[in-house]
Amino acid sequence: MHSKLLNLRIHFLLAIPFLLLHPISAFRSSGGGKLNATGYIRSSCASTLYPEVCYSSLHRYAGAIRSEPDRLARIAISVSLSKARRMAAYVSRLSRQADYYEADTESAAALHDCFSNFGDAVDEIRGSLNQMRGLDASSQESFRFQVSNVQTWMSAALTDEETCTDGFEDLPEGPVKSDVSAKATAVKQVTSNALALVNSFVNQAAP
């Protein structure tokens with residue numbers, strides 16, 4: 001018993017410097033901030049059409065989002081832009097291959113149209129992101145004009161992405177059709193979620 005008490009005292013004395021350097025309150029505040037942010041992302045994503053996709057694509061940015069709706073919307077748009085760019089590059093590569101190997105006319109046309117649509121979507125999402133980065137909160141009129149642009153462009157981007165998949169509907173089933181459609185659908189879901197979060201931000205910011 002005496003040796004056990006002595007060991008406990010030794011461990012306590014050794015722990016004092018660590019406790020002084022790392023107070024318990026610090027642990028709670030640093031961990032709690034991220035926990036609150038991830039909870040905020042989860043609850044915000046619940047209002048989107050694809051909540052699990054929304055959360056999985058955004059939770060890693062919890063530290064930057066910090067439970068702020070404008071940051072959440074801006075980062076969601078940024079994620080959407082990144083995925084749309086990759087999709088455009090992917091379809092561009094497939095389109096060049098189709099031309100080189102002289103693929104059937106309908107498939108080649110669908111790929112060309114899809115690349116064009118995603119190119120437009122990239123431009124629209126990029127414009128939305130630039131508007132979000134430069135929001136003028138000092139002027140209500142300017143703010144409303146800017147967020148209206150964001151909503152319009154994100155809606156247009158989603159329409160362009162949907163037009164890509166529409167172009168493959170009448171084509172015979174095959175690996176290119178299924179792969180492009182699956183990848184485009186994944187991008188559409190992220191874009192849809194970003195638009196929903198933008199709308200939520202606008203509703204919260206409205207007077």
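Okay, residues lined up against (1) touching a His at 6+ places or on another chain (Cβ under 8 Å); (2) modelled with pLDDT under 95; (3) under 15 Å from PHE168 (Cα atoms):
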| residue | (1), (2), (3) |
| --- | --- |
| LYS83 | no, no, no |
| ALA89 | no, no, no |
| ARG93 | no, yes, no |
| ARG96 | no, yes, no |
| TYR100 | no, yes, no |
| GLU106 | no, yes, yes |
| ASN117 | no, no, yes |
| ARG126 | no, no, no |
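Residue pairs whose Cβ atoms lie under 8 Å apart, sitting 6 or more positions apart in sequence or on different chains, and linking a residue in segment 165-190 that is touching a residue at least 12 places away in the same chain (Cβ under 8 Å) and at negative phi to a partner that is outside any helix (DSSP H, G or I) and surrounded by fewer than 17 Cβ atoms within 10 Å (Cβ to Cβ), are LYS177/LEU171; GLN189/LEU49.
Check off (1) among the hydrophobic types (A, V, I, L, M, F, W, C); (2) closer than 20 Å to SER178 by Cβ; (3) in contact with a helix residue (DSSP H, G or I) (Cβ under 8 Å, 6 or more places away or on another chain) for ALA109 and give me the number that stays unchecked. Going through (1) among the hydrophobic types (A, V, I, L, M, F, W, C); (2) closer than 20 Å to SER178 by Cβ; (3) in contact with a helix residue (DSSP H, G or I) (Cβ under 8 Å, 6 or more places away or on another chain) one by one, ALA109 breaks only (3).
Looking at segment 113-164, which of the residues that are among the acidic types (Asp, Glu) and in contact (Cβ under 8 Å) with a residue 24 or more places away in the chain is farthest from SER82 (Cα to Cα)?
In this case the residue turns out to be ASP113.
With the requirement that a residue be of a type in the set (D, E, K, R), over 21 Å from VAL150 (Cα atoms) and assigned to a helix (DSSP H, G or I), what does segment 33-81 give you?
Residues satisfying the conditions are LYS34, ARG42, GLU52, ARG60.
Return yes when VAL180 is crowded, with 22+ Cβ neighbours inside 10 Å, among the β-branched types (Val, Ile, Thr) and within 18 Å of the chain's Cα centre (by Cα) and no when it is not. Criteria not met by VAL180.
So which of ARG66, ARG42 is over 22 Å from GLY127 (Cβ atoms) and modelled with pLDDT under 95? Of ARG66, ARG42, the one residue that is over 22 Å from GLY127 (Cβ atoms) and modelled with pLDDT under 95 is ARG66.
Within segment 194-203, is even one residue more than 15 Å from the chain's Cα centre (by Cα) and either of a type in the set (S, T, N, Q) or surrounded by fewer than 22 Cβ atoms within 10 Å (Cβ to Cβ) (or both)?
yes
The values are calculated or read from the model by the stated rules, or taken from the named source; none is laboratory data. Remember, predicted model here, so these are calculated numbers, not experimental data. Methodologically, a virtual Cβ is constructed for each residue, glycine included, from the backbone with ideal geometry; neighbour enumeration extends over all protein chains shown.
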